[in-house]
Amino acid sequence: MEIRKVGVVGCGLMGSGIAQVSAMSGFPTVVREVSDELLSAGLGRIEKSLAKFTEKGTMTADQKAQTLARLKPTLKLEDFAGCDLVVEAVIENLERKREVFAALDKILAQHALLASNTSSLSITEMMTATRRRERFLGMHFFNPVPLMKLVEVVKTVATDPAAVEGALDFAKKLGKTPVLTNDRAGFIVNRLLVPYLLDAVRAFEEGFGTIEDIDAGMKLGCNHPMGPFTLLDFVGIDTTYYIAEILFAEYREKRFAPPPLMKRMVMAGMYGRKTGKGFYDYSDPKNPKVNQLL
């Protein structure tokens, strides 16, 4: 199964990154948003990212121009008609994703693959909105997409082995390292990462250490690039809480249940860096201070 033309639904943080690496790797790439404003913002994000590559000398001005020329921005799903693979990267809402896939299923050629970039939702539930169940899978990229090397390729019980091989090959052509997993909540990375982050919050709640000391312990004791609370603030406490709820609904194990403190922080709008307050206070972004939470 040869992938020659790619589509990306959504030009937000993840969608723009996927479209960028696809175009950088030589694929004509259609990228769609629901409004001119969102599309312009996404394309601006791509141009800014490419500019950084040229400043660092890892991409020439000519390569940048060629990459931008391969991108076709659009507001119409119909423009995906000639794509061999379409990756969905819209809001993490199952019904919204199912609507997108049902519409795409009617537009794409029979051979085309459909993939979702979801980090936590069921690939199988999305698949049932289409008539191409054997050509449906997950391709979970990581943020920031142009820099992060991993892609989780997620197969369902119905995915054709040829579709899996096509997705694995495509990921490699993007310069990524794909790992193959089955459609279970959290896939590989979040299945292991989220319980660790939740345990860090519980350890803080139970008085095992301060936010700073727990962060320092994991950085210096396990050589992690950042501690769990810094990571939670970076990823988004709301995002992690949402994923944890999905994991708990699937596995019904206590380790996947969000701790009470996280729930209250989300209710209070303390999501981390994006709101200026989380486990740390980012009033001075260059010098964050521990937020007094207990």
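The residue list L137, L174, L193 was ranked by how far each Cα lies along the charge dipole of region 117-195 toward its positive end, using unit charges on Cβ atoms, and L174 comes out on top.
Under the convention that each Lys and Arg Cβ holds +1 and each Asp and Glu Cβ holds -1, the size of the dipole of the chain around its Cα centre is about 380 debye. Ordering P28, T74, G269 by the projection of their Cα atoms onto the charge dipole of the chain, which places +1 on the Cβ of Lys and Arg and -1 on the Cβ of Asp and Glu, puts P28 at the extreme positive end. Neighbours of T67, meaning other residues whose beta-carbon lies under 14 angstrom from its beta-carbon, give a summed charge of +4 when Lys and Arg score +1 and Asp and Glu score -1. Over the chain, all Cα pairs binned in 5 Å intervals from 0 give whole-percent P(r) values of 1, 5, 11, 15, 16, 15, 13, 11, 7, 4, 1, 0, listed from short to long.
Multiplying the residue separation of L13 and S283 by 0.36 nm and removing their Cα-Cα distance gives an extension gain of 94.9 nm. Helical content alone sets the calculated 222 nm signal of the chain at -14500 deg cm²/dmol, taking -39,500 (n - 2.57) per DSSP H segment of four or more residues and averaging over every residue. Lysine pair count for region 189-290 with Cα-Cα distance under 16 Å and sequence separation of 8 or more or different chains is 6.
Counting charges near F142 (Lys, Arg +1; Asp, Glu -1) among other residues having Cβ under 12 Å from its Cβ returns a value of +1. The charge dipole of region 189-290, taken about its Cα centre with unit charges on the Cβ atoms of Lys, Arg (+1), Asp and Glu (-1) only, comes to about 180 debye. Among the GluC sites (Glu not before Pro) found in region 217-275, those both in a DSSP coil and sparsely packed, with 12 or fewer other Cβ atoms within 10 Å of their Cβ, are E253.
Loop only per DSSP, at most 12 neighbouring Cβ atoms within 10 Å: give me the GluC sites (Glu not before Pro) in region 1-88, ordered by residue number. For GluC sites (Glu not before Pro) across region 1-88 that sit outside H, G, I, E and B with at most 12 neighbouring Cβ atoms in 10 Å, the list reads E2. Treating each Cα of region 189-290 as one equal point scatterer and applying the Debye formula with no solvent, the log10 of I(q)/I(0) at q = 0.19, 0.24 Å⁻¹ comes out as -0.92, -1.40.
Here, each number is a calculation from the coordinates, and none is a lab measurement. Just so it is clear, the model here is predicted, and its values are computed rather than measured. FYI the Cβ positions are ideal-geometry reconstructions off the backbone, even for glycines, and counts take in every protein chain you see.
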